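Each remark here refers to the structure printed beneath this line.
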């Protein structure tokens, strides 16, 4: 029998339903795996061993009593940016040291209601700002495929926990690619839902008009399963969409007959790592074999998306992070004689470099005399980018794209040059700017055996379409079953 | 001050009468223990999100309609960034370029002259927390943080402290009438920032202004303006220049002081609040609210004169305060005698309120009881002295007028036979006064009436007593 | 457009902006950030190539409006919880260094 920690959520649920295993045994397998590999990988910031075992035993008792909630007893890892009642929520920042969340994020409350077990909190770039998980105040997370490489970010801890079988599934958040890119770097599935699909209440905000919570899983069916539990209108989040939630599992088909896939002209014009480009072309071919027709589409403002994104995200972040001031919670710098120095010293000592850079940048683009030239202009370009996608989706059901121009790179390789790092977000930020949805699925490996991800982009509330494409694709391939290191041998159907 | 023209503009912050806060479900109750009406949203906890209170939007629009504003068909909220310990998120959610209400005006009267002070806008925002200061530290109570606050911005349209004072009174009156706020100054539910500048006569463009922040009494506004106008005039006369700055009024010393802490960097970095969606008010909803607007004080005054026949003066006093007007009209439901009720309210009721420092809503004699008393007095069941006595009993002990009169046998005696007996007794006991009265001394009659009233324990009808004495003594 | 002229000459005063954001910077931080941010701001020039004159700015990723809650009171947090999260507290208040107005 496969080690329980290697299972997908739907496989684990099937086994628990058959009485072949318990949630407690699954949680123990997860805790064992964490004990074995996490000293090297460092995907978790905190592990709730006792609490998750208690939750698991409760889930097992409930199941014996006939309870069959959709995620009953499934161990899930949570990115440290989401508030879970009674747990710390540091956002991988020193400034939130000591803060204990007094409430559940809505997504957490819904997963809790569905029966999920919260195993622990995963590492990330501080306040979700970064693409490598190197910007954590609590140490780097390593890519399980090559431990001197970054796992991507900002949800790097969640991606690694899933890829290294230290969790059945995980939650990430995606403001400019922070679910999809680490999923691609680590070889797991990552879904960024449409803006407004999943409530942001309880997600510590980085850029409010861009942030979304989404699942990071071992296959597309699990992504659908977790999304199903979290999606839907929430009166506590005014930006959540009052749209009905479809049955996502019902959208999962094994062929792509009648599906039109768009290939953006601007995405395949050089600049891509050759291995990445080859894997993408192969993936496109697989989709055609499954019955999809492909059509060229144009997203003319692709190049400007990065500037647009970094202006808007930094502006919103500068306000969102103003609350971290050492007054009401978290870290407070010692020895300040007046509030002003308390603020300046707490924030100087509490934030890392990347957060400081984005706060300064965001403050600048909103400041008097620069608002129109930067922020307002970016808002207008954002509207054009959204319109470009609107036009593209008139010609196709979903768009196929790279997730990142490169595979994972070495730790430290880009950390001195923020602009170079930002340029790596070119294929993910447009999706957040437009408020639409995107799915990253494993589509092969580079010569150096690093995973490559295929991005499937859908229109707003078009999750059914991208889940269908992703599921059909992975059903026809084996990439998502590959696992790094020694754990991978134990993993088979 | 002759060579300078003064320009005054006011920003008035009014706490709206909602049960819950602007963006969360915490209570807005005043005077509870510190930090007991707080939640993740109003504490600015990580991950919390605001949701607009529908009632606060409605009350702001009602205020705008009451003050003759145009209601903005599309409105939005923005973030205003500045760091201060009373500000949980270090930005305030407020309205920058699309407020709920635009324009409008408030009619004021100063020294018999009426004019309208123009309004620029009314917008809605969240209040900040309350800082408490101690010798070596400050402590913050977040109960007030997030309470809905309406900011009414006037045009720089006033020239004297008296105009500013009249504006605040008229504004308060209208808002209380509209039922949008109780405008309780002691509880800080109406606070005022004042902008004032001077310019030489003949100069068109306004001078450099100073802003005086957080005045919480109308008298304070008046005094602060008087002081500030003199201060600026002195500076200008001495050849100096006014610095644009924020100043603080100290009521104890009667002076304004520069607030250096607020000097730094007025760069608020406004941008649209991404967590809140635009407010789009359909015209039919605004129309419906407009048709349900309460009566304005001025309309009420006119109605009191035209429909109830009250003198202008009475109508003005009774309509000035909404609660007093309501008390008056409630009393009228029990006794249909407007002038009599007006007399009672304007004298005994208002005097007692000011002596006991009570709001009329807490007055122990309720409209029904007062109405009963007035009816008894007006139908001569009791005489006016007894009426005052009964009023005193109702005030001290409660109870209805009829019951008190019955229980204490206070009804006026108009039985000729009974009165005659007492009159005879008084004549017999006061021969000197009888003689004096015969000789034409009117004071003697008053003395005799007094004796009769004493003997009747105040119950005899004084008019009948007078007539009978005249007849018996032979001067009638 | 006057703002565009300013943009062309855009040079961020990192220390001034950091002060607005209440961030104390060491000299070496200020120097490092200045270089990095100048590069990033220069990159933002990309946006000047696009004609946006007729475009309505996009503040939200969705087009919903009028999202309200009813004026109903619900219990919030226990004070003990709130004070326990505060770095310093006294007399049921959240304590800060003395505010001088």
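The values are calculated or read from the model by the stated rules, or taken from the named source; none is laboratory data. Note that the structure is predicted; figures quoted are calculated from it, not measured. Backbone-built Cβ (ideal geometry, glycine too); neighbour counts: all protein chains shown.
Is it the case that region A:199-211 has a residue that's over 14 Å from the mean Cα position of the chain (by Cα) and not in a loop (DSSP other than H, G, I, E, B)? No, that holds for no residue. Do we find that residue B:55 is at the interface with chain C (Cβ under 7 Å from one of its Cβ atoms) and either surrounded by fewer than 22 Cβ atoms within 10 Å (Cβ to Cβ) or touching a residue at least 12 places away in the same chain (Cβ under 8 Å) (or both) in this structure? Criteria met by residue B:55.
Residue-by-condition table, conditions (1) part of a loop (DSSP other than H, G, I, E, B); (2) in the same structural domain as residue B:143 (by TED's automatic domain parsing); (3) touching a residue at least 40 places away in the same chain (Cβ under 8 Å):
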| site | (1), (2), (3) |
| --- | --- |
| B:11 | no, yes, yes |
| B:30 | yes, yes, yes |
| B:33 | yes, yes, no |
| B:38 | yes, yes, yes |
| B:43 | yes, yes, yes |
| B:48 | yes, yes, no |
| B:61 | no, yes, yes |
| B:87 | yes, yes, yes |
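Taken together, B:76, B:89 contain a single residue that is more than 9 Å from chain C (Cβ to nearest Cβ), at pLDDT 95 or above and over 29 Å from the mean Cα position of the chain (by Cα), which is B:89. Taking the conditions exactly as written (within 14 Å of chain B (Cβ to nearest Cβ), out of contact with any strand residue (DSSP E or B) (no Cβ under 6 Å at 6 or more places or on another chain) and assigned to a loop (DSSP other than H, G, I, E, B)), does residue A:325 satisfy them or not? Judged against the criteria, residue A:325 is a match.
Is it true that some residue in region C:77-84 is buried (at least 20 other Cβ atoms within 10 Å of the Cβ) and at the interface with chain B (Cβ under 8 Å from one of its Cβ atoms)? Yes - at least one qualifying residue is present in region C:77-84.
I'd like to know if region A:412-422 contains one or more residues that are within 7 Å of chain C (Cβ to nearest Cβ) and either in a strand (DSSP E or B) or in contact (Cβ under 8 Å) with a residue 40 or more places away in the chain (or both). Yes, there is a match, as at least one residue in region A:412-422 is within 7 Å of chain C (Cβ to nearest Cβ) and either in a strand (DSSP E or B) or in contact (Cβ under 8 Å) with a residue 40 or more places away in the chain (or both).
For region A:78-85, the count of residues that are within 23 Å of the chain's Cα centre (by Cα) and at positive phi is zero. For region A:272-299, filtered to residues that are in a loop (DSSP other than H, G, I, E, B) and within 24 Å of the chain's Cα centre (by Cα), the residue that is nearest to residue A:393 (Cα to Cα) is A:299. Candidates in region A:355-389 are the residues that are touching a residue at least 40 places away in the same chain (Cβ under 8 Å) and more than 7 Å from every other protein chain (Cβ to nearest Cβ); of these, the one that is surrounded by the most Cβ atoms within 10 Å (Cβ to Cβ) is A:362. Evaluation of residue A:122 against the conditions (1) in contact with a helix residue (DSSP H, G or I) (Cβ under 8 Å, 6 or more places away or on another chain); (2) on the phi > 0 side of the Ramachandran plot shows that the sole unmet condition is (2).
Only a single criterion out of (1) assigned to a strand (DSSP E or B); (2) touching a helix residue (DSSP H, G or I) at 6+ places or on another chain (Cβ under 7 Å) is not satisfied by residue B:92, namely (2).
Please determine whether any residue of region B:353-373 is in contact with a helix residue (DSSP H, G or I) (Cβ under 9 Å, 6 or more places away or on another chain), in contact (Cβ under 8 Å) with a residue 40 or more places away in the chain, under 21 Å from residue B:308 (Cβ atoms) and assigned to a helix (DSSP H, G or I). Yes - at least one qualifying residue is present in region B:353-373.
For residue A:345, state whether it is farther than 27 Å from residue C:57 by Cβ and in a helix (DSSP H, G or I). Judged against the criteria, residue A:345 is a match.
Within region A:39-52, the set of residues being surrounded by fewer than 21 Cβ atoms within 10 Å (Cβ to Cβ) and in contact with a strand residue (DSSP E or B) (Cβ under 9 Å, 6 or more places away or on another chain) comprises A:46, A:47, A:49, A:51. Residues in region B:265-284: is at least one in a loop (DSSP other than H, G, I, E, B) and more than 14 Å from chain A (Cβ to nearest Cβ)? Yes, that holds for at least one residue.
Residues checked against (1) surrounded by 13 or more Cβ atoms within 10 Å (Cβ to Cβ); (2) part of a helix (DSSP H, G or I); (3) modelled with pLDDT of 95 or more; (4) more than 9 Å from chain A (Cβ to nearest Cβ):
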site	(1), (2), (3), (4)
C:33	yes, yes, yes, no
C:37	yes, yes, yes, no
C:46	yes, yes, no, no
C:66	yes, no, yes, yes
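Of all positions in region A:226-239, at least one carries a residue that is farther than 22 Å from residue A:89 by Cα, within 14 Å of another protein chain (Cβ to nearest Cβ), without any contact (Cβ under 8 Å) to a residue 60 or more places away in the chain and in contact with a strand residue (DSSP E or B) (Cβ under 8 Å, 6 or more places away or on another chain).
Scan region B:136-179 for residues that are within 14 Å of chain C (Cβ to nearest Cβ) and part of a helix (DSSP H, G or I) and jot them down. Of everything in region B:136-179, those that are within 14 Å of chain C (Cβ to nearest Cβ) and part of a helix (DSSP H, G or I) turn out to be B:142, B:143, B:144.
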